[in-house]
Amino acid sequence: MPALASQPAGAIAEAMLAYKAGERSPTVMDRIARGFTEAEIRAIAAWVAAPR
Amino acid sequence: MRRRALLGTALLAAPALAQAAPRVVVIGGGFGGATAARALHRLGFAVTLVERNATYLSCPFSNAVIAGLREMEAQRFGYEGLRREGIAVEQQEARAIEDRRVVLADGGALPFDRLVMAPGISLRPDAIPGLDTEAMPHAWRAGPQTLLLRRQLEAMEDGGLVVLSAPANPYRCPPGPYERASLIAHYLKARKPRSKLILLDEKDAFSKQKLFEEAWAALYPGLLEWVPLSSGGKVVEVDAAARVVRTEFGEHQAAVASIIPPQAAGRIAQAAGLTDRSGWCPVDPVSFESRQRPGIHLIGDAIIAGAMPKSAFAANAQARVCAEAVAALLRGEAPAPPKLINTCYSLVEPGYGISIAGVYRPANGLLADVPGAGGVSPLGAPAATRAAEAGYAEDWFRTITADAFG
Amino acid sequence: MARTLINLPRTARRGEVIEIRTLIQHVMETGYRPGADGVVVPRDIVTRFTCLYNNEEVFSAELAPAIAANPFLSFSVVAAESGILAFTWSGDNGFEQTETRSLTVT
C-alpha cells in the first residue's frame, strides 16, 4: 500500500471518492470509503495531508 | 472522524491547556492505551501511562508464532518511543481507582483530571471445569502461553489430534480462533501430515466464515474439521491431565489442546466498578466515558462497543476518538459524534490473506454499522488478491505498531 | 431428516439418576419475522418433544416460537430397567422425527 502522508489532499480525496464510487480496483478501501460522505472524505484528506 | 474541525479547535486551545495543565492518566499499554497516551500528549496534556510490563507483546500475528512462521521477538514493542516524546511511563500495576486518583502497587498515587483505561481482557478458565491452562494453553494473550502451545505442537507425534475451542461471543479477536486453526493446519500439513485438527465452537456462525470455509476446503480437506454449536461444539469440561475434551455430546482424545475460555473486561475494570452484569464496560459511544463512573473513559477490548469488534485496530481508532473527546470535555465543550473504522486481516496460510472492514457511528447508545459500508474480501478471488491482502496485513501491522508505540 | 444429537450413558445401575441431552437441528422460524422480500416468513417450529422409556412417557416438553434455533434439551430419568428410549420431535408442517437409544441397567 502506498503511504498516504506527504501526498496532496486533492489526490487523496479523489482516490477515496473513486474507491467510494467503485472505480478503483478494490482493496479494503472501497469498503471503508462507502462509509463516509464526500465532505467527510475531503476533511480526512486535508487532515492526512497536513504537515505534523 | 471530523478531524479537521476537531484538530483546529484543539490547536487553538493548546495555550490555555498548558496554563491549566490538566493531568490525564492512561492505564494499560496495549494498542489502545499506547495510542491514547500519544494522542493525548500531542493534544498538549501532561500524560502518565501506567503499565505493569516493561514491554508489550502483540496478539495480532501471534497465531503465526504458534505455527512456527514467526519469532516472538517480532511481536515485542517497548515504551522508549513514548518516553522520548515526553510521556511519563510508570511501570507498575494500578491497584485501585479512587476519586480522581489512581493508586499504584508501590503505594504512590497519580492524581488525574480525566482517566483513560484500556484494561484489555481477563480470562475465565474457571468457567470450564477441569481446565488447566498450562496443560491446555489458551494463548489468548501473547507471551509464555503462545510459546507453550508452539512447543506442544512441535513435540507432538505425527498422527495426533489437535483440539481447539472457540468461545461464545463476545470475546477478543472474533476471527482469531479460525486463523489459529488455519495456521496450525498449515503446520500439520507440512510437518505432521497424518495429524488432524478439530475446532469445537460454541457458535453456529463466525467472522469471515465463508472465506475461511472456502480456504479450508481448498487447503486443508480432511485435515481441519469445524464443529459448530448445533453439531455439539460446546466444550463443557476437560480432563487436562488426560488431554480429554468433553462436549455436550461426546469427547475427544487430544494430543494437543488449546482451549480459549470465556472472557471479561480486565480485572482492574471489574475492581473499579466499571463493568456491568455482562462482565464488560458500558460506555458512551461518543466520548467513551464510563456509564458507571464519570470522569473515567474506557477503550478497547474491555468495552461494550455494539457492532464494533474487539480488535487492535478498533482499540487504536477508539483511542484517537477518545483523546479528542477528553480534550473537548476538558475545554467544557461537547465532543463531536465520531465515525470509526475497523479492518482485520487473517492469514489462512502464508501468502493467503482475507479481510473484514467496517465503519461505525454512535446510534441508540452503542456503536452501529454505517449502512452500505464495510464487508469482507470477495469469495472466489484469484490467488493474486489473496497474496495482496497477506501483504497488506504485514503493512497494517507495521503501521499500527508504529502508530501505537512510536 | 434433521440431524439430531443424543447423549446418554450406555449402561447404568438400577435406581441411578442419569442425565440425557438432546439437540435437533431445526430453524425454529417464529412466524413473526419478515423475510428479505418484506413478507412474513411462515411459522415453522418444533412444538413438542417426548421421551418414551419402554413405551412409557418419562419426559415431554412444549416448545414455543421464542425458543432459539437448534433446540437443546437436557433432563434426567431414573434408570429402572434395561430397554429402549425413544425421542420424538414433532411440529409444524407435519414434522415428526423419532430416534432411539438402548440402555442397559445392571
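Assuming R0 = 51 Å, can you tell me the calculated FRET efficiency for the pair C:R10 and B:Q92, based on Cβ-Cβ distance, to the nearest 0.05?
Step by step, r from the Cβ atoms, then E = 0.35.
Step by step: find N for the protein assembly as shown, compute 2.2 N^0.38 Å, then divide the Cα radius of gyration by it. What's the final number?
Output field value: 1.08.
Using a Gaussian network model on chain B with a 10 Å cutoff between Cα atoms, which of B:G120, B:G365, B:G279 fluctuates the most?
Maximum fluctuation in the GNM of chain B, among the listed residues, is at B:G365.
Once the convex hull of the C-alpha atoms of chain B is built, how many Å³ does it hold per residue, rounded to a whole number?
Normalising the Cα hull of chain B by residue number yields 141 Å³.
What is the mean number of Cβ atoms from other protein chains located within 10 Å of the Cβ atom of each residue in peptide B:278-289, rounded to a whole number?
0
Each label point is 7 Å from the Cα along the Cα-to-Cβ direction; what then is the distance between the points at C:A68 and B:A383, in nm?
The two pseudo-label positions are separated by 4.1 nm.
Label points 7 Å out from Cα along the Cβ direction at B:A190 and C:T98: separation in nm?
The answer from the label model is 5.5 nm.
Summarise the partner chain shielding of A:32-44 as one whole number: the mean count of Cβ atoms from other chains within 10 Å of each residue's Cβ.
The mean count of partner-chain Cβ atoms within 10 Å per residue comes to 5.
Expressed as a whole percentage, what fraction of the accessible surface of the stretch A:9-49 belongs to carbon and sulfur atoms when a 1.4 Å probe is rolled over the protein heavy atoms?
On the stretch A:9-49, the fraction of accessible area on carbon and sulfur atoms equals 58 percent.
Leaving ligands, DNA and RNA out of it, rank B:C59, B:C322 by accessible area with a 1.4 Å probe, largest first.
B:C59, B:C322
Efficiency by 1/(1 + (r/R0)^6): what FRET value for C:V41 and B:A217, r their Cβ-Cβ distance, R0 = 41 Å, to the nearest 0.05?
Efficiency for this residue pair is about 0.85.
Given contacts defined as C-alpha pairs under 8 Å and at least six residues apart, what's the relative contact order of chain B, whole-number percent?
18 percent
If you take the C-alpha gyration tensor of the stretch C:4-105, multiply each eigenvalue by 5 and take the square root, what semi-axes do you get, largest first, in whole Å?
That gives 33, 11, 10 Å for the three semi-axes.
Using 0.36 nm per residue, how much length does the chain from B:Q292 to B:A242 gain when fully extended, once their Cα-Cα distance is taken away?
13.6 nm
How crowded by other chains is A:22-31, given as the mean number of beta carbons from other chains within 10 Å of each beta carbon?
5
To the nearest hundred square angstrom, how large is the accessible surface buried between A and B, total for both chains, probe 1.4 angstrom?
1700 Å²
Counting alpha carbon pairs within less than 8 Å and at least 6 residues apart, what relative contact order, in whole percent, applies to the stretch B:52-95?
In percent, rounded to a whole number, it is 49.
Ranked highest first by the average count of other Cβ atoms within 10 Å around their residues, in what order do C:62-68, B:298-304 fall?
Taking the mean over residues of other Cβ atoms within 10 Å, the ranking is B:298-304, C:62-68.
Let me check against my output: what whole-number percent is the relative contact order of chain C, with C-alpha pairs under 8 Å and at least 6 apart?
32 percent
Taking θ = phi - 60°, what integer Hz values does the Karplus form 6.51 cos²θ - 1.76 cosθ + 1.60 yield along the stretch B:339-352, in sequence order, with x for Gly and Pro?
10, 10, 10, 10, 9, 9, 9, 10, 9, 9, 7, x, x, 10
Using a 1.4 Å probe on the protein heavy atoms only, what accessible surface does B:K339 show? Give it in Å² to the nearest 10.
30 Å²
Could you state the accessible area per residue of chain B in Å², with a 1.4 Å probe and every protein chain left in place?
38 Å²
Considering only C-alpha atoms, what is the centroid distance from the stretch C:47-77 to the stretch B:103-117, in Å?
So the two Cα centres are separated by 55 Å.
Specify the angular offset, from 0 to 90 degrees and rounded to the nearest 10, of the alpha carbon long axis of helix B:3-20 from the longest principal axis of the alpha carbons in chain B.
50 degrees
Can you give me the Cα centroid spacing of the stretch B:297-333 and the stretch A:17-43 in angstrom?
23 Å
How big is the C-B contact in terms of buried accessible area, both chains counted, 1.4 Å probe, rounded to the nearest 100 Å²?
Rounded to the nearest hundred, the buried surface is 700 Å².
If amide H atoms are built 1.01 Å from N in the plane of the peptide, which residues on other chains or at least 5 residues away come under 5 Å of the amide H of B:K203?
B:L229
Suppose the Debye formula is applied to equal point scatterers at every Cα of chain A; what is log10 I(q)/I(0) at q = 0.21, 0.24, 0.25 Å⁻¹?
Log-scaled intensity ratios, in q order: -0.69, -0.88, -0.95.
Suppose each label sits 7 Å from its Cα in the direction of the beta carbon; what would the B:R267-C:R3 distance come out to in nanometres?
If labels sit at B:R267 and C:R3, their model points lie 4.0 nm apart.
Could you work out [θ]222 nm for the protein assembly as shown from helices alone, using -39500 (n - 2.57) per DSSP H run of at least four and dividing by all its residues? Round to the nearest 500 deg cm²/dmol.
Rounded to the nearest 500, it is -8500 deg cm²/dmol.
The values are calculated or read from the model by the stated rules, or taken from the named source; none is laboratory data. Predicted, not measured: the structure shown is a model, and the values here were computed from it. Cβ coordinates were reconstructed from backbone atoms using ideal geometry, including for glycine residues, and neighbour counts include every protein chain displayed. For the accessible areas, the whole protein counts, side chains as well, though only heavy atoms, and no ligand, DNA or RNA atoms are used. Shrake-Rupley method; radii C 1.70, N 1.55, O 1.52, S 1.80 Å.
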